[in-house]
1. So who's got an amide H within less than 5 Å of the one on Gly346, skipping anything under 5 residues away but keeping other chains? H placed 1.01 Å off N, in plane.
2. Modelling each spin label as a point 7 Å along the Cα-to-Cβ direction, I'd like the Asp47/Asp167 distance in nm, to one decimal.
3. First measure r as the distance between the Cβ atoms of Ala338 and Val17, then evaluate 1/(1 + (r/R0)^6) with R0 = 45 Å and state the FRET efficiency to the nearest 0.05.
4. Fewest first, what order do Arg156, Arg186, Arg580 take by the number of other Cβ atoms within 10 Å?
5. Can you give me the angle between helix 516-527 and the longest principal axis of the chain, using Cα atoms only, in degrees from 0 to 90, rounded to the nearest 10?
6. What are the ³J(HN,Hα) values, in whole Hz, obtained from phi via the Karplus relation 6.51 cos²θ - 1.76 cosθ + 1.60 with θ = phi - 60°, for each residue of region 195-202 in sequence order, with x given for Gly and Pro?
7. Sort Arg517, Arg525 by Cβ crowding within 10 Å, fewest neighbours at the top.
8. Per-residue HN-Hα couplings for region 593-604, Karplus 6.51 cos²θ - 1.76 cosθ + 1.60 at θ = phi - 60°, whole Hz, x for Gly and Pro?
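Each value in this text was obtained by applying a stated rule to the coordinates, not by laboratory testing. Quick caveat: nothing in here was measured; it's all calculated off a predicted structure. All Cβ positions, glycine included, derive from the backbone under ideal geometry; neighbour counts span all protein chains shown.
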Amino acid sequence: MSLTNNANVLKWVDEMVALCNPDKVVWIDGSKEQLDELTAQVTSLPDGDPNKMYYLNQDKLPGCLYHRTAVNDVARVEDRTFICTKTKEDAGPTNNWCDPEEMYAKLRPMYKDVMKGQTMYIIPYSMGPIGSPLAKVGVELTDSIYVVLNMNIMTRMGKAAFDMLGDSNDFVRGLHSKANVDPENRYIVQFPEDNTIWSINSAYGGNVILSKKCFALRIASFQGKNEGWMAEHMLILGVQKPDGETKYVCAAFPSACGKTNLAMLIPPEGYLKDGYKVFTVGDDIAWLKPGKDGRLYAINPENGFFGVAPGTNAKSNFNALASTMKNAIFTNVALNNAENTVWWEGLDKNPPEDATEWTGIKTNGKEWTSEIGADGKNKKLAHPNSRFTAPAVNCPCISPEFDNPEGVPVSAIVFGGRRASTTPLVYQSFDWTHGTYVGSAVSSETTAAAAGAVGVLRHDPMAMKPFIGYNVGDYWAHWLEMGEKLGDKAPKIFNVNWFKQDENGNFIWPGFGDNMRVLDWIIKRCEGTVDAEETAIGYLPKKGDINVSGIEDEVTPEIMDKLLNVDTDLWKKEIVEMRRYYNDDIAAKGGKIPAALYEELDKLEARLGK
Ligand code: OXD
Ligand code: MN
């Protein structure tokens with residue numbers, strides 16, 4: 001029985017059912033009974049079935065499940081991700097493009113009868129708190145119970161989403177089939193002009209949890225441009241000060257630069273003693289819209305965390321680890337067979353002796369076999385991109401405002417990347433337009449963890465390169481427009497770099513909880529309670545204004561000088577690179593760069609001197 005009378009939903013579902021031809025259709029109401037029944041089904045599949053999920057130790061990890069994906073299906077696939085708009089220009093230089101009619105014509109035969117013998121699950125969900133003026137509804141059709149169970153954690157899933165939609169046509173239509181998980185025919189396709197996402201031949205999270213990157217960033221960024229709001233690849237955190245007031249900060253870093261760690265940071269002892277607390281609103285995505293008072297408000301459209309497991313431990317991110325202790329799903333981590341619990345590199349130093357590798361091979365924990373990388377040396381028990389899907393309510397520091405339909409007022413926006421030199425620990429942009437330039441210049445250096453050359457600069461504007469659902473030039477213009485609309489109520493824009501190195505390649509900033517010291521300066525700048533040094537690149541902390549109490553031995557005045565140094569020669573090189581990037585990578589390939597951003601580049605160059 002259908003869960004809604006919405007004629008638009010029913011018509012579309014009928015069309016998709018006719019195309020995919022499932023034996024059975026199940027409407028997901030979000031009830032515990034239904035989810036228990038689906039969990040029972042998927043855990044009782046025979047070993048070796050690629051869809052099987054396993055119960056973990058229910059005493060130690062109550063409600064937790066485990067799953068392995070195919071070895072060729074372990075990450076987002078940017079080369080197979082498309083933005084299909086009527087013109088190529090509308091997708092712009094950062095996206096793969098195909099004409100929508102051509103793409104539908106190519107994919108339709110792949111979906112034809114693809115669910116024969118199977119069940120189609122119809123998942124209604126809300127991105128954002130039900131009833132929030134910033135929230136939006138999506139419906140995902142899928143042939144995977146794994147997807148249903150993940151969507152239950154990552155979104156507000158169930159009938160309430162249809163109730164919120166009423167008879168409106170404003171919902172995102174997602175169609176997913178794992179099909180044969182064939183990498184040659186894997187497609188992750190956004191049709192922003194049709195509010196539609198088609199994903200086929202994958203069963204990995206980021207490609208199939210269509211609410212996340214596909215809707216909440218690619219489609220939503222397009223909607224935001226048309227409707228006057230923004231969808232950004234940003235964490236949202238609140239810093240509660242000793243006087244009880246909480247200031248909210250959004251931060252955009254490229255993937256694997258520690259967004260989840262910053263979102264859940266535990267302040268250093270001195271700050272805790274003084275009464276500071278950090279609350280998490282979101283760890284990956286922010287939707288931002290001007291509120292009635294003219295300030296910018298943020299919601300986290302998601303309801304859970306889809307975090308990278310390796311490297312997560314009680315020291316690096318206590319709160320993330322705690323979030324995974326019940327009702328979580330683990331994907332492609334290793335198993336500790338003796339306990340039926342999970343393990344990954346960086347959880348602790350003791351790989352289990354009786355382990356199952358992420359590929360399903362049993363091993364003694366010393367001589368494991370699963371190879372990552374062409375060199376065959378990089379052997380891991382857990383896949384480096386193995387994940388936990390964890391409910392936000394589990395997070396010990398989840399914000400009391402998490403479900404606030406109005407969102408939280410944003411004081412600061414912070415950009416950052418991984419840069420060994422050039423970029424100082426922190427600086428503040430002169431104004432919103434300069435801050436937009438700073439965001440457009442976000443870049444990160446590759447690390448030894450990934451295959452390929454180390455230290456290669458990758459541009460990732462606003463940390464959104466794989467996620468902007470339209471032309472990056474128009475996206476920058478939209479940022480500038482939002483700044484004009486917000487005027488003097490706009491958040492202040494900053495840039496941070498936790499990854500500065502000395503001559504020997506050692507990191508010189510401790511990072512993790514100590515990043516609170518930088519947040520402290522940022523918040524004081526927003527409040528106007530601390531002065532700054534005006535430099536060519538922006539406002540920098542004055543000597544002594546970053547609190548190093550408790551880490552004086554590690555961060556000596558000499559180290560702090562290095563952290564805050566603005567090396568004119570390196571910055572001149574940065575300008576040359578930014579001109580090359582704007583001209584060759586963007587403008588020459590159809591990106592319409594706003595004149596104001598070229599002006600910022602010229603002004604920066606002038607300030608640095610000839
Ligand atoms: C993610 C990513 O999975 O940014 O969040 O890649
Ligand atoms: Mn992300």
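1. Gly311
2. 5.5
3. For Ala338 and Val17, the calculated efficiency is 0.50.
4. Arg580, Arg186, Arg156
5. Tilt of helix 516-527: around 70 degrees.
6. For region 195-202, the Karplus curve yields 6, 10, 10, 10, 10, 9, 6, 9 Hz.
7. Arg525, Arg517
8. 6, x, 4, 4, 6, 4, 4, 4, 5, 4, 5, 4
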